[in-house]
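As structure tokens, the structure follows; a few thoughts come after it.
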Amino acid sequence: MNIDGCTRTCGLIGNPVEHTMSPAIHNTLAEAMGQKLVYVPFHVQEGRLKEAVEGAYALNLLGCNVTVPYKSRVIPYLRELDPLAERIGAVNTLVRTEGGFKGYNTDMPGLLRALESDGVATAGEKVLILGAGGVARAVAVMLSERAEELILLNRTVEKAQTIAEEVNARAGRRLARAMPAEGWSKLPKGETYLAVQATNVGMFPNTEEALIQEADFYERIHTGYELIFNPAKTRFMELTEAAGGRAYNGLKMLLYQGIIAYELWTGRTVTGELEELACSEMKRAMHIGEEA
Ligand code: NAP
């Protein structure tokens, strides 16, 4: 990469950031599109987020991604918030504007683009969301505008209940409901669902785990959409496929949240060929990361 006086910087703010795949996506795109842009991770210590955001702006950064644990905590330091990010309550992308950064959420548009790319319909669907953490909440908010029914299954049912109430209050109807994960057998018999797996269960190195292990549960899933990307095939996906369903992992979501951020920073559209290039570089970086 030829860095000169006109090269712009984008970065990732998080704690930790050492395992990020985002540099592989953005630096590959910048190089392939001939843009003077470099993307670097910034490990921001606890208690230094405000300084980091102000410093990034002062240093003329074009934009940033924001990751755990700062996706909600960054909001007070932004000049403006995109309406979707506001509804979700989490920001993963900062875009430089006059006088400060504007916050966006590209995780959910990224997931939508991934679902579409995999041919998974969400409009009018009955959806199970496994989990009730930050991402599950964002998925519920996003799908509340499309799905016919949302059921949140979580180990801690109270957290699922809170999300369901929030979604219903916004929708003005009983669109969402909560169930304890172990209560899955109370799901109506004969019904099949799109299931979005939004817990940490099954992530490397705990690859034999799934939130629900019983094979009967998977008879009720026509499509299992896993948000974990390491391992590439989780236990949840194996169980879904063993019961005859289609299963996908979270790699495309990761790719598309990055591509959408890149498009916001540069105003350029990333085409199919470049998508594939960024995807293969991301996979390569992951492989190296696993071996290290
Ligand atoms: P989070 O806020 O920490 O929520 C974690 C969720 O997992 C909660 O529902 C939690 O249940 C559940 N959980 C954790 N350990 C469990 C266990 N041992 N048994 C049962 N349930 C357990 O995490 P998050 O930020 O929402 O992230 C969730 C997932 O999304 C992660 O796997 C992450 O890799 C994935 N993700 C993917 C992408 C992508 O681009 N593909 C982007 C962001 C996140 P309780 O409420 O009971 O604690």
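The numbers here are math on the coordinates, done by the rules we state, and not lab data. Quick caveat, the model's predicted, so the values are computed rather than measured. Cβ coordinates were reconstructed from backbone atoms using ideal geometry, including for glycine residues, and neighbour counts include every protein chain displayed.
Positive contributions from Lys and Arg (+1) and negative ones from Asp and Glu (-1), summed over other residues with Cβ under 15 Å from the Cβ of VAL53, come out at +3. Expressed in Å, the radius of gyration and Dmax of the Cα atoms of the stretch 59-166 are 15.2, 47.
The packing ranking of peptides 24-33, 121-130, 47-56, highest mean first, is 24-33, 121-130, 47-56, where packing means the average number of other beta carbon atoms within 10 angstrom of each residue.
Once the gyration tensor of the Cα atoms in the stretch 131-221 is diagonalised, the equivalent ellipsoid follows with semi-axes of 22, 16, 11 Å, ordered largest first. The trypsin sites (Lys or Arg not before Pro) of the stretch 256-288 that DSSP puts in a loop, and whose beta carbon has at most 16 other beta carbons within 10 Å, are ARG268. Applying 1/(1 + (r/R0)^6) with r as the Cβ-Cβ distance of LYS189 and THR271 and R0 = 35 angstrom yields a FRET efficiency of 0.15. Residues of the stretch 5-31 with backbone nitrogen within less than 18 Å of a virtual label 7 Å along the Cα-to-Cβ line of ASN200, please, listed as ranges. Hits in the stretch 5-31 for ASN200 at 18 Å: 14-21.
Taking Cα atoms only, the orientation of helix 134-143 departs from the longest principal axis of the chain by about 80 degrees.
With K and R counted +1 and D and E -1, the other residues having a Cβ less than 15 Å from that of GLU125 yield a net charge of -2. For the chain, the spherically averaged projection of the C-alpha convex hull amounts to 15.7 nm². For GLU149, GLU182, the sequence from fewest to most other C-beta atoms within 10 Å is GLU182, GLU149.
Given a Förster distance of 22 Å, report the FRET efficiency between THR162 and GLU219 from their Cβ-Cβ distance, rounded to the nearest 0.05.
0.15
Across all directions, the shadow cast by the convex hull of the stretch 12-106 built on its C-alpha atoms averages 6.0 square nanometres. Shape annotation for the stretch 21-70: C-alpha extents along the principal axes are 37, 23, 11 Å, from largest to smallest. If you average 1/r over all unlike Cα pairs in the stretch 189-256 and invert the result, what Kirkwood radius do you get in angstrom? For the stretch 189-256, inverting the mean 1/r across all distinct Cα pairs yields 11.8 Å. Within the straight-line cut-off of under 28 Å between alpha carbons, the lysines reachable from LYS50 are LYS36, LYS71, LYS102, sequence neighbours fewer than 8 places apart in one chain being disregarded. Counting every other Cβ atom within 10 Å of each residue's Cβ, VAL17, VAL74 order from fewest to most as VAL17, VAL74. Computed about its Cα centre, the charge dipole of the chain is approximately 680 debye, with only Lys, Arg, Asp and Glu carrying charge at their Cβ.
Note down the Stokes-Einstein diffusion coefficient of the stretch 173-292 in µm²/s, whole number, using a Kirkwood radius over alpha carbon pairs, 37 °C, and 0.692 mPa s. Answer, rounded: 202 µm²/s. Treating the Cα atoms of the stretch 237-288 as identical point scatterers in vacuum, please give the log10 of the normalised Debye intensity I(q)/I(0) at q = 0.24, 0.28, 0.29 Å⁻¹, two decimals. Once normalised to I(0) and log-transformed, intensities are -0.91, -1.04, -1.07.
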